[in-house]
Amino acid sequence: MSTLWQIKVCMPVKLITGEKMNIKFGMQVLILLLVMALAGAIFVPVVSAESENNLNENFSSGGDIVGIDTQLKRSPFLFDEEGNRLSDKEISEMIEKMPEVTYLDGMTETESKKISERLTQLHQYRSISESMDKTNSLKTVQVQADAGARIDNYHYNGINGNNHPGYLEVSSDGTIYHYFTSHIGQNISGVDTWIEVGVTKQSPAVGGDPSEYTVYTYDSTAYGDEKYIAHRTFTSGFRDYNFEIYISTSPTSEGYPYMILWQGSEIRTGHLPFCYGDVDENHEYFAFDGDTFNSVSESYFCDSYLFTSYNSSTLWWNGNLPDATKDHLTNCSAGAPQLNYPFSVPWWSEAYQVKSWIT
C-alpha cells in the first residue's frame with residue numbers, strides 16, 4: 001500500500017482523537033501537500049515532454065521541413081534582416097511596393113514585347129491538340145506532348161526549385177519549340193487560372209532563334225498582351241537556374257499578391273483571385289502535325305520545396321508530402337516524351353528530380 005493511500009486511511013481517525021491528534025494530523029496533511037507538490041513537479045514535465053514529442057512526430061509526418069539556412073539563401077524576400085519569417089500581411093505590403101515587371105541582363109522593354117508577342121501568338125496551341133492559323137503558312141496545325149510532375153490538390157501557395165533546361169533541341173521539321181516551366185493554378189468556374197515561370201526555346205519555323213533561351217512569365221488573369229512577359233535571354237542551358245513563385249495568403253483590395261523570382265531577383269508581381277492552387281513542373285514539346293519530334297536530350301527540375309496550406313513550415317517536394325505526386329505524361333501524333341517515373345530523390349538532394357527527354 002502506498003504512502004498516499006495510508007494517509008488517506010488515517011485521516012478520518014485523526015479527526016476524532018483530540019488536540020494532539022489534530023497536531024499530528026496537521027503535520028501529515030502538510031506531508032501530503034508536499035508529496036503532491038513533489039509529484040506534480042515531476043509529473044508535469046514528463047507530460048509536457050511526451051506532448052512535445054507527439055507534436056513533433058505529427059508535424060514531421062506532414063513532410064520534410066526545409067532548413068532555415070536553405071530558406072534564407074533561396075527565399076530571402078520572406079525574411080527580415082534578423083532572419084525571422086515575415087507574416088503574409090508583411091509580405092503583401094512588400095509585394096505591393098515591388099515593380100510589376102523587371103528585365104534582367106540587358107533585356108529591353110522593346111525586345112521583351114517582341115518576344116512576348118510571339119509567345120502570345122503561339123499560346124493558342126498550348127494544351128490544345130489541334131488548332132489552325134491560316135495567316136501563318138500551309139503547315140499550321142501544331143500538336144503538343146507533355147512530361148512532368150504535378151500535385152492536383154489546391155494546397156500550395158509557392159514553389160522554389162531549380163530549372164535545368166539542357167539543350168532543348170529544336171528544328172523546323174521536328175520539335176519546333178519547348179516550354180520548360182512550373183505552374184500554380186486553379187480551375188475557377190470552369191476556367192483554368194494560373195501563373196508560371198519557365199524557359200522557352202523556339203526554332204526559326206515559328207520566328208525563334210535555335211541558340212537562344214528565353215526566361216518568361218505568364219499570368220492568365222493579366223490583360224491582353226500583358227499575359228506573357230519575356231525577362232531575359234541566355235545561351236547556355238547547362239546549369240541550374242533557381243526560380244520561385246510565392247502567393248501571399250493575405251489579400252489586398254486587388255486580390256492575393258504574388259511575386260515571381262528568377263535567380264533570386266524579383267521579375268514579376270501581380271494579383272490573383274486565389275492563394276492556394278495545384279502545382280507542377282512540366283516540359284511541353286510542340287511539333288507541326290504530320291512531323292515527328294526530333295531527339296531531345298535530358299532536361300530536369302530538382303531541389304524543389306513547397307509552401308503549403310497544411311503546414312506552416314516549408315516542405316521538400318518528395319514522397320513524404322501528404323498529397324500524392326503524379327506523373328503528367330501525354331503523347332500526340334508527333335510522338336511521345338519519356339519521364340523518369342516513379343520519381344526518385346538523388347543522393348545529393350532532399351527533393352525529387354524530374355527528368356524528361358525524347359529519344
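Couple of notes before you dig in:
- The stretch 162-221 and the stretch 222-281 have Cα centres separated by 14 Å.
- The stretch 188-269: C-alpha gyration tensor shape, a/c 1.5 cut-off, then a/b vs b/c: oblate
- Lys, Arg +1 and Asp, Glu -1 on Cβ, resulting dipole of the stretch 146-234 about Cα centre, debye, nearest 20: 200
- For the pair residue 192 and residue 347, the difference between a 0.36 nm per residue extended length and the Cα-Cα distance amounts to 52.2 nm.
- Applying the Karplus relation 6.51 cos²θ - 1.76 cosθ + 1.60 with θ = phi - 60° to the stretch 285-301 yields 3J(HN,Hα) values of 10, 10, 8, 6, 4, x, 9, 10, 3, 6, 4, 10, 6, 5, 10, 7, 9 Hz, where x marks Gly and Pro.
- Using the Cβ-Cβ distance between residue 329 and residue 239 with R0 set to 25 Å, the FRET efficiency works out to roughly 0.45.
- Among the trypsin sites (Lys or Arg not before Pro) found in the stretch 180-245, those both in a DSSP coil and sparsely packed, with 13 or fewer other Cβ atoms within 10 Å of their Cβ, are 239.
- Using θ = phi - 60° in the Karplus curve 6.51 cos²θ - 1.76 cosθ + 1.60, the 3J(HN,Hα) couplings for the stretch 188-203 round to 10, 6, x, 10, 5, 10, 7, 10, 7, 9, x, 10, 10, 9, 10, 8 Hz; x is entered for Gly and Pro.
- Tensor-based shape of the stretch 284-358 (alpha-carbon gyration tensor, a/c under 1.5 rounded, otherwise prolate or oblate): prolate
- On full extension, the segment bounded by residue 111 and residue 171 gains 19.3 nm, given 0.36 nm per residue less the C-alpha separation.
Read-outs throughout are calculated quantities, based only on the coordinates presented, and are distinct from any laboratory measurement. A quick note: this is a predicted structure, and the numbers were derived from the prediction, not measured. Positions of Cβ are backbone-derived with ideal geometry, glycine not excepted, and every protein chain shown enters the neighbour counts.
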